[in-house]
Amino acid sequence: MATAIDAAQVTYQAPDLEVMERFLTAFGMTKAEGSDENALYMRGNGTQHHIHATHKADTARFVGASIEVATRADLDELAAMDGSSSVVESTEPGGGYEVEMHMPDGFRIKAIWGRAAVEPLDTRAPIAFNDIRDKRRVNGNVRVAAGPCPVHRLGHFVLHVSDHDASMAWLRERFNFLDSDYFLPPGQDGPVVGTFVRLDLGETLVDHHFMLVLQSERVGVHHSSFEVTDVDGVMSSHDFLLEQGYHLDVGVGRHVLGSQIFDYWKDPFGFRIEHYTDGDTVDASYQPTKFNGTASETTQWGNRPPLEFFD
């Protein structure tokens with residue numbers, strides 16, 4: 001199986017790229033080189049050439065995601081599997097090579113390798129936090145105005161699927177993901193209806209989850225999630241997006257699974273998108289737990305999602 005090393009990008013379609021660009025700029029992304037009237041590529045502050053792509057089309061929809069793999073040999077291995085394309089040169093800005101595949105519900109998954117990295121963008125450093133034991137901010141203060149908080153990277157995405165087990169089998173056959181935690185129906189011992197998966201990079205720390213695969217009657221993307229600098233970034237961006245008239249979905253709060261401080265919004269085409277910070281990091285030794293609460297019980301504090309949040 002291929003060694004996945006990063007969530008490279010999510011890809012959508014929408015009828016108005018200018019509208020999408022205005023929102024994603026307010027959300028904290030930057031237009032990437034190679035964008036044109038038919039495709040919008042937005043980058044974060046990190047080294048991925050772009051982390052969000054939107055292609056112009058009459059109907060808005062989620063297309064899929066791209067996963068960066070460790071070696072060209074990983075692409076060759078994936079290309080040899082049923083349903084995969086051959087290894088081809090990418091036509092997206094940044095170049096490299098890719099293999100295209102489709103999950104059982106039709107989500108397009110691209111494995112990419114060799115895309116050119118870009119120089120990180122300048123941004124402020126995280127603000128030192130003075131907790132009850134450690135006073136790290138000395139002779140300084142906090143002054144953060146409402147405004148776009150620069151997005152650093154794509155952290156994870158969540159897919160609603162018609163057959164959880166079949167989708168997980170498809171992923172496990174192709175990538176070296178590790179399970180982090182499991183969703184069970186509220187008040188029941190099984191079956192598993194949702195699995196959080198993470199990258200397997202051995203002793204190197206990774207995010208608690210890279211993807212959540214969740215059984216649902218509504219097949220599609222639930223949300224895409226992007227990491228920002230710190231909690232002041234989440235809150236200053238929250239106020240700015242409200243001032244700009246954008247649609248707040250759920251936030252701000254702190255998750256149970258993954259512990260992220262979250263803030264969910266809806267883009268102009270109805271897709272859920274998340275700012276987060278302060279998520280859990282784990283290594284390959286972390287063992288999964290089981291959670292069988294309701295959607296509102298996935299929040300420790302703050303704005304709780306409605307019961308139908310994961311429907």
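Every read-out reported here was derived from the displayed coordinates using simple, explicitly stated rules and does not represent laboratory data. Given the structure is predicted, the values throughout are model-derived calculations rather than measurements. Please note: Cβ atoms are built from the backbone with ideal geometry, for glycine as well, and neighbour counts cover all protein chains shown.
A compact table of results
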read-out: Summed side-chain charge close to D163 - residues other than D163 whose Cβ falls under 15 Å, Lys, Arg +1, Asp, Glu -1; value: -2
read-out: Gaussian network model of the chain, Cα within-10 Å springs - most flexible of M81, M42, M168; value: M81
read-out: Taking the C-alpha atoms of the stretch 163-311, convex hull volume expressed per residue in Å³; value: 115
read-out: GNM flexibility winner over the chain from N139, N130, N176 (Cα, springs under 10 Å); value: N139
read-out: Most positive-pole-ward Cα, M101, V118, A60, against dipole of the chain from beta carbon charges; value: V118
read-out: Ranking of T281, T30, T229 by count of other Cβ atoms within 10 Å, fewest first; value: T281, T30, T229
read-out: Contact order relative to length of the stretch 159-311, as percent, for alpha carbon pairs under 8 angstrom and 6 or more apart; value: 27
read-out: Neighbourhood charge, 9 Å Cβ-Cβ cut-off, centred on A8 and excluding it, Lys, Arg +1 and Asp, Glu -1; value: 0
read-out: Rounded, prolate or oblate (a/c below 1.5 giving rounded, otherwise prolate when a/b exceeds b/c) for the stretch 47-124 by Cα gyration tensor; value: oblate
read-out: Calculated log₁₀ intensity ratio I(q)/I(0) where the Debye formula runs over C-alpha points of the stretch 92-236, q = 0.15 Å⁻¹; value: -0.99
read-out: Cα-based radius of gyration of the chain once divided by 2.2 N^0.38 Å, which approximates compact folds; value: 0.98
read-out: Residues whose placed amide H lies under 5 Å from that of F210, excluding near-sequence neighbours; value: V197, R198, L199
read-out: Of all DSSP beta bridges in the chain, antiparallel share, percent nearest 5; value: 70
read-out: Against the rule of thumb 2.2 N^0.38 Å, how large the Cα Rg of the stretch 226-311 comes out; value: 1.15
read-out: In Å, descending, principal axis extents of the Cα set of the stretch 1-90; value: 40, 30, 18
read-out: Charge dipole magnitude, Cβ of K and R +1, D and E -1 - the chain, Cα centre, debye nearest 20; value: 740
read-out: Overall dimensions of the stretch 150-220 as given by Cα atoms, namely Rg and Dmax in Å; value: 13.1, 41
read-out: Paired Rg and Dmax values of the stretch 217-273, which use every Cα atom, in angstrom; value: 12.0, 37
read-out: Largest-first principal axis extents of the Cα set of the stretch 1-150 (Å); value: 60, 37, 29
